[in-house]
Amino acid sequence: MEIAAEIERLLQGFPPDNQSESVEVDISNTSTPQVTPLVQKTVCYVVCALIMNEKQEVLMIQEAKGSCKNKWYLPSGRMEQNETIAEALRREVAEEAGYVCDLTTLLLIELRQGVPLWLRFTCLAQILGGSLKTEADDESLQARWCSRNDLGLLSIRANDILPLLDYGLAYTQFHGRKHGRIIPALNAHKHLLVRAVIVGRPLLGANAKVLVSGKGRAQHLPVVAIAQGEGLLCNTVGRLIKVLHLFTLTT
């Protein structure tokens, strides 16, 4: 597939055209070993549901477990073995908030180094059925819809959800004009890989530049493996920028 067509496909929310094929890792030589993902052992995958109603209120749940008890947070939790992102999201929302939902788009991916490596997938979702949870159990005490102002009156488990709300609101406002839906694709790998779309800011009147790997017809968006102890995802992508060349994207 031509590189321009591949980028256009990704921006429209479709997975890579060659997702069923083996993926070649362009940059993998690091001083530390690559992460081999083993759920609940070397990696911890977390799903977080961002669900808003027609009033732009967000669905919140009151925690029932441990030191977080009575605190408020977005429906979220760890993925179980052999679960997909969508399956884990539906399970957590049903258990903690009482609703049946469907994933509409993957919004953000966050990475935090440690043992195990921690990755959180924040997704927008829509309600399909069920009812708001009002009776406490081991999963949560209750659920409610909150406006942005209401959050200031609640005891929040962690303020890291506040930027997520801002990103979610921004996405819904620009949806259909800038970014399409992004649905996670099933594609097993032995390592944690990042396929990067890195666009250079052009000078006035110049074409945009996109970082690619390979030459001629073999040009493709670069893929890099996450290394243990690398720190932030930007450090992983930074290794790509250091060694790959810029390709002028024609319009």
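The values are calculated or read from the model by the stated rules, or taken from the named source; none is laboratory data. Everything numeric in this text was worked out from a predicted model, so none of it was measured. For neighbour counting, all protein chains shown are included, and Cβ atoms are generated from backbone atoms with ideal geometry for every residue, glycine included. These accessible areas exclude ligands, DNA and RNA; they are computed on the full protein's heavy atoms, side chains included. Shrake-Rupley method; radii C 1.70, N 1.55, O 1.52, S 1.80 Å.
Looking at the structure I just gave you, is A170 modelled with pLDDT of 80 or more, of a type in the set (G, A, S) and surrounded by 10 or more Cβ atoms within 10 Å (Cβ to Cβ)?
yes
Identify, from the list L164, L151, L103, the residue that is part of a helix (DSSP H, G or I), touching a helix residue (DSSP H, G or I) at 6+ places or on another chain (Cβ under 8 Å) and either in contact (Cβ under 8 Å) with a residue 40 or more places away in the chain or over 24 Å from P37 (Cβ atoms) (or both).
L151
Among the listed residues E92, E83, which satisfies the condition of being farther than 17 Å from N53 by Cα and open to solvent by 20 Å² or more (accessible area, probe 1.4 Å)?
E83
Only one of (1) touching a helix residue (DSSP H, G or I) at 6+ places or on another chain (Cβ under 9 Å); (2) modelled with pLDDT of 85 or more; (3) assigned to a loop (DSSP other than H, G, I, E, B) fails for T134. Which number is that?
(1)
Please go through the range 39-68 and give me each residue that is without any contact (Cβ under 8 Å) to a residue 24 or more places away in the chain and either over 19 Å from C101 (Cβ atoms) or crowded, with 18+ Cβ neighbours inside 10 Å (or both), ordered by number.
G66, S67
Would you confirm, using the coordinates I've provided, whether E110 is touching a Lys or Arg at 6+ places or on another chain (Cβ under 6 Å) and open to solvent by 20 Å² or more (accessible area, probe 1.4 Å)?
Criteria met by E110.
Name the pairs: first residue in the range 127-140 and touching a residue at least 24 places away in the same chain (Cβ under 8 Å) and over 21 Å from R78 (Cβ atoms), second residue open to solvent by less than 60 Å² (accessible area, probe 1.4 Å) and aromatic (F, W, Y), Cβ to Cβ under 9 Å, at least 6 apart or on different chains?
Close Cβ pairs satisfying both conditions: I127/Y99; L128/Y99; G129/Y99; G130/Y99; S131/Y99; L132/Y99; L132/W145.
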